[in-house]
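The values are calculated or read from the model by the stated rules, or taken from the named source; none is laboratory data. Note that the coordinates shown come from a computational prediction; the quantities given were computed from them, not determined experimentally. Ideal geometry is used to build each Cβ from the backbone, glycine not excepted, and the neighbour counts take in all protein chains shown. Just the protein is used for accessible areas: all its heavy atoms, side chains included, with ligands, DNA and RNA removed. Shrake-Rupley method; radii C 1.70, N 1.55, O 1.52, S 1.80 Å.
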Amino acid sequence: MSSIFDLTYDELESILVSNNFKKFNATQVFEGVYKKRVSSFSSISNISKELKSFLSSNYSLDYLEVITALRSDDTNKYLLQVQSDAVECVLMKHDYANSLCISTQVGCNMGCAFCESGRLKKQRNLSVSEIVLQVLTIERLENIRIQNIVIMGIGEPFDNYECLVKALDILTSPKGVMIGSRHITVSTCGIVPKIYDFANLDTQVNLAISLHAPNDELRSKLMPINRVYKIKDVMDALQYYIEKTNRRVTIEYILLDGVNDSDECAMELVNLIRGKLMYVNLIPYNSTSHSEFKRCSKEKINHFYQILSRYVGVGVRREMGKDIKGACGQLRASHNGNE
Ligand code: SF4
């Protein structure tokens, strides 16, 4: 039986119509599922017995099982069961809103040298429902609403492009979860053709790029994807996205001690993005017991920040959840006995 959460509104509508139900039934079902969050189709009050029976025989309404929930003041981290696998998601509780970081794959094939998640090779793509249900499951578990979503958990979202786009459709649909497109950010390591596809969707969903190095030589060492798509190609694609959407792009830059934190690196980064609708998000590195990299001192982070801030928009990511295995992939690694 497939999950009702796999279907976009348009898909549900066409399935219902081809089974002799009415177009407007799709709105009733979507409202029951996403607005009222019913736990059985029979609880959707305004639909016929035949439709209830059709839905119950063909679709499940199951949410994901929570394996582990680690909570701290500002951050909760969860391990969720997806079939025989597990994925992580992280809830960041800001004063103004709740943000959820969600995953798109089990494991990841991109092999970024500094990434804990990438230690497990990609096992499979998450389905549409498994992406959407991370949000719904945490909302139900914590009895909250999520206002912001960042798609930068485990996996490369553009390596699961079709499911990502359908999940975004459901999450942003006024008939579905209804989270504003501008409150969602997709982070990619730089799969250039998909950046163009994403720009052509004409969506207002934000885009972030994991850059992490300002030249090809260094970036190819840290991120194997750079051997396929060079920085210039990535920058051209980002400029195309900016022109299509008029949205500012976030450049993610994880600071690794003695690797990409020199004054020269700072100026190379400035030269790449100066004058463009881009903003740099500096990320202090979280080392683990397996790390070959070290965290920069506060002074170094501040020095790098100061150089950039003279020329471009820049911020340092506020650190949350360090006390609860905050680095991406650490919770699942510890669940599997690897940490
Ligand atoms: S940083 Fe992202 S793309 Fe790179 S290995 Fe980790 S999860 Fe994959």
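Couple of notes before you dig in:
- The chain - share of DSSP beta bridges that are antiparallel (%, nearest 5): 45 percent
- Where chymotrypsin sites (Phe, Trp or Tyr not before Pro) fall in DSSP loop in the range 290-322, at most 16 other Cβ within 10 Å: TYR311
- The chain: angle of helix 49-58 to the longest principal axis, Cα-based, in degrees nearest 10: 50 degrees
- Size descriptors for the range 128-178, from the alpha-carbon set: Rg then Dmax equal 11.0, 32 Å.
- Accessible surface of the range 65-335 [probe 1.4 Å, protein heavy atoms]: carbon and sulfur percent: 47 percent
- Cross-link pairs beyond the 21 Å C-alpha cut-off, checked among LYS77/LYS175; LYS36/LYS175; LYS194/LYS244; LYS93/LYS166: LYS77/LYS175; LYS93/LYS166
- With the convex hull drawn over the C-alpha atoms of the range 228-318, the volume per residue is 117 Å³.
- For SER14, net neighbour charge (Lys/Arg +1, Asp/Glu -1) across residues whose Cβ lies under 15 Å away: -1
- At full extension, LYS23 and HIS94 could sit 21.6 nm farther apart than now, given 0.36 nm per residue minus the alpha carbon distance.
- Centroid-to-centroid, using Cα positions, the range 163-194 and the range 210-267 are 22 Å apart.
- Using distinct alpha-carbon pairs, which all enter the 1/r mean, Kirkwood radius of the chain in Å: 21.1 Å
- Computed over protein heavy atoms with a 1.4 Å probe, the accessible surface of the range 31-154 works out to 42 Å² per residue.
- Computed from the Cβ-Cβ distance with R0 of 35 Å, the FRET efficiency linking LYS232 to ASP202 stands at 0.90.
- Span per principal axis, largest first, for the Cα atoms of the range 2-60 (Å): 25, 22, 19
- Along principal axes, Cα extents of the range 1-132, largest first, whole Å: 53, 35, 23
- Full extension of the chain between HIS290 and ARG124 gives 57.3 nm of extra length, using 0.36 nm per residue less the Cα-Cα distance.
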